[in-house]
Amino acid sequence: MAVLKSLHHVPAPAKLNLFLHITGRRPDGYHLLQSVFMLIDWWDILHFDFLPGGKLQRHDLSHSLPADDLCLRAARLLQQVSGTGSGALISIEKRLPAQAGMGGGSSDAATTLLALNRLWGLNWPLTRLLPLGLTLGADVPFFLRGKNAWVEGIGESLHPVSLPAARFAVLKPEQGLETALIFKDPALTRDTSPATMTDFAARPYAFGRNDLQAVARQLCPQVDQSLDWFSRQGLRSGMTGSGSAVFARISSDTVLSEPPPGWQLQLCSNLEIHPLAGWISCDV
């Protein structure tokens, strides 16, 4: 039985990769990486309403999403594994751009698991949701854990990190990028020397690079244009994740010019913790 009828205005925040190094490749083809994932206060907004009889429906409040998106897949998986007879209407106000390297779809899936765990009265601890999240996508466990993290392996090894409060400008051009195209490109650097958390902590906002960026610039000219846009304003910028969004740290008095028509520019701050962190127990 559901303990709640609805949960409205539930956030699903984006993340930025402060750096992304590819350190090798496993025999099964998966790439080994090092990165720091940082939560920011730019998010999708989701609404959840209880439906009886196990019905699962989705309503798109802004952009149309794929028929079987990660939110529905997350809801279906939790429903099947838990054995609940409860259902839900999931309404999504999509604010985060797609194919941006900001983890929007994975964050939506994590928020769906957290919200339905609460809506359906399951009250599962984090340890029971994490394996479900990993089957949905490598970034989902990060959003479930809800803390900025040093990331290694294929994305499954997460260690919390503390980051100084900071402001950022994020620019998303019209063009997007498919992650698979970058990772299969023969020009991708795959042998960056491993770094340490101590290396990163010495200069968290000026450390490393994004190894995917060089290939992305060739596949998506607007990534190159985004980097140039920041450079003309005296800002050091880099691509997040597999792109195509590019970001730069800014100060409180930074004045930016208008981006090209149709591009998204968002000014945001980093988050110390996920806004839904208090919704779940970390106990076994």
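Cβ-Cβ contacts under 8 Å between residues 6 or more apart (or on different chains), taken from a first residue in segment 171-183 that is assigned to a strand (DSSP E or B) to a second residue that is aromatic (Phe, Trp, Tyr), are listed as Leu171/Trp229; Leu171/Phe230; Leu171/Phe247; Leu171/Trp263; Lys172/Trp263.
Mind listing just one residue for me: the one in segment 223-250 that is surrounded by fewer than 22 Cβ atoms within 10 Å (Cβ to Cβ) and polar (S, T, N, Q) and, of those, nearest to the chain's Cα centre (by Cα)? Among those residues, the one meeting the criterion is Ser237. The residues of segment 52-92 that are of a type in the set (Asp, Glu) and crowded, with 16+ Cβ neighbours inside 10 Å amount to a single one, Asp69. Looking across segment 115-137 at every residue that is of a type in the set (A, V, I, L, M, F, W, C) and over 20 Å from the mean Cα position of the chain (by Cα), the one that is surrounded by the most Cβ atoms within 10 Å (Cβ to Cβ) is identified as Trp120. Looking only at residues of segment 1-51 that are among the acidic types (Asp, Glu) and part of a strand (DSSP E or B), we find that the one that is farthest from the chain's Cα centre (by Cα) is Asp49.
With the requirement that a residue be part of a loop (DSSP other than H, G, I, E, B) and either aliphatic (A, V, I, L, M) or under 16 Å from Asp211 (Cβ atoms) (or both), what does segment 151-170 give you? Correct list: Gly153, Ile154, Gly155, Val161, Leu163, Ala165, Ala166. Taking each residue of segment 242-263 that is touching a residue at least 60 places away in the same chain (Cβ under 8 Å) and looking for partners that are of a type in the set (Ser, Thr, Tyr) and in a loop (DSSP other than H, G, I, E, B) with beta-carbon atoms closer than 7 Å, six or more apart or interchain, yields Phe247/Thr240; Arg249/Tyr205. Across segment 66-116, what is the total count of residues that are assigned to a loop (DSSP other than H, G, I, E, B) and not aliphatic (A, V, I, L, M)? Number of matching residues: 13.
Each value in this text was obtained by applying a stated rule to the coordinates, not by laboratory testing. All values reported here derive from a predicted model rather than from experimental measurement. Backbone-built Cβ (ideal geometry, glycine too); neighbour counts: all protein chains shown.
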